[in-house]
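In what follows, a single structure is set out as structure tokens and then discussed.
The values are calculated or read from the model by the stated rules, or taken from the named source; none is laboratory data. These numbers come from a predicted model, not from an experiment. Here the Cβ is made from the backbone with ideal geometry for all residues, glycine too, and neighbour counts use every protein chain on show.
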Amino acid sequence: MIALEVRALKKSFGGLYVTRRVDLAVEEGERRLIIGPNGAGKTTLFNLVTGEITPDSGSIALFGRDITRKPVRTRAHLGMARTYQIITLFGRDTLRHNVMLALLGLSPRRWNPLIDFAGQRDLAEQAEAALARVGLAHLAGRPLAETSYGERRRVEIAMALAQKPRVLLLDEPFAGLSIDERQDVHRLLMAVPRDVTMVMIEHNMDVALEFAERITLLHFGEVIVEGTRAEVVAHPRTREVYLGH
Amino acid sequence: MSAVSGLLAPRTAAIAMAVLLLLVLPLWVGNAYYVNIASQILFFAVFALALNVLVGYGGLTSLGHAGLFAMAGYTAALLLARGHGHLVADTAALLVTVATAAVYAVLSLRATGIGFLMITLAIGQILWGIAYRWASLTNGDNGVNVSSRPMPFGLDLSGADGFYYLCLVVFLACVGSMAVVVRSPFGASLRGTRDQERRMAALGYDVWLIRFWAFLLSGFWSGVAGLLFLYYNQFISPQVVALTTSAEALLMVIAGGTATLLGPIVGAALVVIMKNVVSAYIVRWNMVLGIIFILIVSFMPEGLVPGSARLWAWARHRLRHGKPKPAAPGPVAAPPASGGKEGVR
């Protein structure tokens, strides 16, 4: 079954087309890598898929359901989660609180004005389990502002995984990480079960190529090459516009 | 054992002591003038706490809340003037105020930041214009008089002490309800929308609706404060709807400390004391208030309450360890931007 399907997606800002005509079909459980030079429209594609930007034309379907005009929050409730290229977390709060907010977003309890949020033991336990999954259980009570950049990257992933997504979009999850941290995050992503479909934007080819089963190369808002890892790497257009000779 | 230790916790003890002091205040003050000042502090604190829901917890700075404050006062005053009872007038006043808050929210939540501020300011000015110019309804510049205060359960509120205790009960109910809401999942969601609006939407939250409910809550408590103001003065005029009332409330919140429960209370006390007590000795009291505000913004930009807490922590650390903490005594440092691009706030 196709988990995420994008058809003839177009988006322009003024006279500039950032997404010219993108078609994409990601199978359920697949690990897809989106690559392309800076300005190729990769993050814009993610923003269109998650609903943060409305497309000019085209359609987006999640497990066969058209979500083109659905708001961002509805897509989250339908099983879509994402991480951001620029980390967007809650710096004043603890790691546990950050992940609890991710869990609360999908719970009807988020509207309750009468119960104590910090006292929700089930949410706290789930948050600690999600942090344990990314190796940060020991820092659950620490304010996010007192953690390292690599730890924040892992908190982002913990929050996304805590949402129990069916499709997970990762926008440059290795950006700014040291070699050891990259390996940690790589191991973490490889351990994500197959019921989660993952689409990743990444420039770091060392770790990204190991992750990818299929690769899509974007250039000036268009898909110019798509195929298996070997096919895309060997393709002359890939070498021309992205990998270099 | 845990209950006993909970009772003995410094925070609990401080709250209990503060409530006790407020309860006996009329007895040890003994002067109706100062008891009335205390009443003013209490209902302006309710107003500042209401505004703080948006400014502090929602990150939405409103400069039109005088419209909500006065809407309750005007509605109740006009209904009372037409012969309705206090219960009907006050209930209707709160309903109309919450409905007005809904209109405010629908119009102003189309924007954030300066856009939000300007829309709330514009709506506030429209309401001021109505109060001032629609004389056949509002009696214009002459205002509306209220002949008597209510007598709930036969209690006499006509004196300074009786009215003070009404204000105290309402104030405690307001602080209590705010404390519950702030600690609730809804409160956490509201703070989340303040800090990372985009992330909150991606996590499944309806950011607009969270802010809308927060606006209604803020409108309700602004209305309650407006009713107390009406009964305190037994008079309301367009001056109450003016921009200065909104600005003073915002000053209370910012001076005391946003996103805290104690901050707006301290801010309200500061402004009311300056207006009523200091003005008796210093003609240019509002200049003094301005200087105080500049000093607060310069040296404690987070407000008096969080700023004092920071200085206290710094001083305690220095006394214990003999040297200052690295982050003191300046304002709270932004989270470190270690390692690369990020949007942590």
* Structure fact -> Per the filter on the stretch A:158-192, residues in a helix (DSSP H, G or I) and acidic (Asp, Glu) are A:ASP180, A:GLU181, A:ASP184
* Structure fact -> Restricting attention to the stretch B:287-298, the residues that are in contact (Cβ under 8 Å) with a residue 12 or more places away in the chain and more than 20 Å from the chain's Cα centre (by Cα) number exactly 1
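Go through B:VAL288, B:VAL240, B:VAL278, B:VAL272 for me and flag whichever is under 27 Å from B:ILE15 (Cβ atoms) and in a helix (DSSP H, G or I). Explain how you work it out, then say what you get.
On the way: B:VAL288 fails: under 27 Å from B:ILE15 (Cβ atoms); B:VAL240 fails: under 27 Å from B:ILE15 (Cβ atoms); B:VAL278 fails: under 27 Å from B:ILE15 (Cβ atoms).
Result of the check over B:VAL288, B:VAL240, B:VAL278, B:VAL272: B:VAL272.
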* To do: Run down A:GLU5, A:GLU52 and say which single residue is in the same structural domain as A:THR216 (by TED's automatic domain parsing), among the acidic types (Asp, Glu) and in contact (Cβ under 8 Å) with a residue 24 or more places away in the chain.
  => A:GLU5
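Looking at this structure, is A:LEU48 within 16 Å of B:GLN196 (Cα to Cα) and at pLDDT 95 or above? Steps first, please.
Values: within 16 Å of B:GLN196 (Cα to Cα): no; at pLDDT 95 or above: yes.
Criteria not met by A:LEU48.
So which of A:GLU181, A:GLU156, A:GLU202, A:GLU172 ends up being outside the structural domain of A:GLU5 (by TED's automatic domain parsing), buried (at least 16 other Cβ atoms within 10 Å of the Cβ) and not hydroxyl-bearing (Ser, Thr, Tyr)?
Working: A:GLU181 fails: outside the structural domain of A:GLU5 (by TED's automatic domain parsing); A:GLU202 fails: outside the structural domain of A:GLU5 (by TED's automatic domain parsing); A:GLU172 fails: outside the structural domain of A:GLU5 (by TED's automatic domain parsing).
The conditions single out A:GLU156.
Tell me the helices (runs of 4 or more DSSP H) entirely within the stretch B:94-210 that contain at least 1 residues that are more than 14 Å from chain A (Cβ to nearest Cβ). Walk me through it before giving the result.
Numbers: elements: B:113-133, B:135-138, B:160-183, B:185-195, B:197-202.
Because the criterion is at least 1 residues that are more than 14 Å from chain A (Cβ to nearest Cβ), the helices (runs of 4 or more DSSP H) in the stretch B:94-210 that meet it are B:113-133, B:135-138, B:160-183.
Please tell me if B:VAL53 is more than 28 Å from B:MET200 (Cβ to Cβ) and in contact with a Phe, Trp or Tyr (Cβ under 8 Å, 6 or more places away or on another chain). Reasoning before the result, please.
Values: more than 28 Å from B:MET200 (Cβ to Cβ): no; in contact with a Phe, Trp or Tyr (Cβ under 8 Å, 6 or more places away or on another chain): yes.
Here the answer is no, as B:VAL53 does not meet what is asked.
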* Asked: Limited to the stretch A:86-119, what total is found for residues that are touching a residue at least 40 places away in the same chain (Cβ under 8 Å) and of a type in the set (Gly, Ala, Ser)?
  -> 3
* Restrict the check to the stretch A:73-85 and report whether at least one residue is in contact (Cβ under 8 Å) with a residue 24 or more places away in the chain and polar (S, T, N, Q). => yes
* Applying the selection to the stretch A:101-110, what residues are more than 8 Å from chain B (Cβ to nearest Cβ) and either crowded, with 18+ Cβ neighbours inside 10 Å or touching a Ser or Thr at 6+ places or on another chain (Cβ under 7 Å) (or both)? -> A:LEU103
* Given the conditions (1) at the interface with another protein chain (Cβ under 9 Å from one of its Cβ atoms); (2) in a strand (DSSP E or B), which single one is not true for A:THR74? -> (2)
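Working only within the stretch A:55-67, note down all residues that are more than 18 Å from the chain's Cα centre (by Cα) and at negative phi. Break it down stepwise before answering.
Restricting attention to the stretch A:55-67, the residues satisfying the condition of being more than 18 Å from the chain's Cα centre (by Cα) are A:55-59, A:64-66.
Those that are more than 18 Å from the chain's Cα centre (by Cα) and at negative phi: A:PRO55, A:ASP56, A:SER57, A:SER59, A:ARG65, A:ASP66.
Test A:LEU89 against the criterion of being within 9 Å of chain B (Cβ to nearest Cβ), within 15 Å of the chain's Cα centre (by Cα) and either part of a loop (DSSP other than H, G, I, E, B) or at positive phi (or both), and give yes or no.
Values: within 9 Å of chain B (Cβ to nearest Cβ): yes; within 15 Å of the chain's Cα centre (by Cα): yes; either part of a loop (DSSP other than H, G, I, E, B) or at positive phi (or both): yes.
Yes; evaluated as a whole, the condition is true for this residue.
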* Looking only at the stretch A:111-157, count how many residues are more than 9 Å from every other protein chain (Cβ to nearest Cβ), assigned to a loop (DSSP other than H, G, I, E, B) and more than 23 Å from B:GLY204 (Cα to Cα). => 4
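Yes/no per residue for (1) within 17 Å of the chain's Cα centre (by Cα); (2) of a type in the set (S, T, N, Q); (3) within 15 Å of A:LEU33 (Cα to Cα):
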site: A:PRO193; (1), (2), (3): yes, no, no
site: A:GLY221; (1), (2), (3): no, no, no
site: A:GLY227; (1), (2), (3): no, no, yes
site: A:GLU240; (1), (2), (3): no, no, no
site: A:GLY244; (1), (2), (3): no, no, no
* Residue ID - farthest from the other protein chains (Cβ to nearest Cβ), chosen from residues in the stretch B:211-252 that are polar (S, T, N, Q) and touching a His at 6+ places or on another chain (Cβ under 9 Å) -> B:THR245
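Among the residues of the stretch A:47-87, which ones are among the polar types (S, T, N, Q) and touching an Asp or Glu at 6+ places or on another chain (Cβ under 8 Å)? Before the answer, list the steps.
Residues of the stretch A:47-87 among the polar types (S, T, N, Q): A:47, A:50, A:54, A:57, A:59, A:68, A:74, A:83, A:85.
Passing the criteria: A:SER59, A:THR83, A:GLN85.
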* **Which listed residue, of A:ALA81, A:ALA25, A:ALA61, is within 10 Å of another protein chain (Cβ to nearest Cβ) and in a strand (DSSP E or B)** => A:ALA81
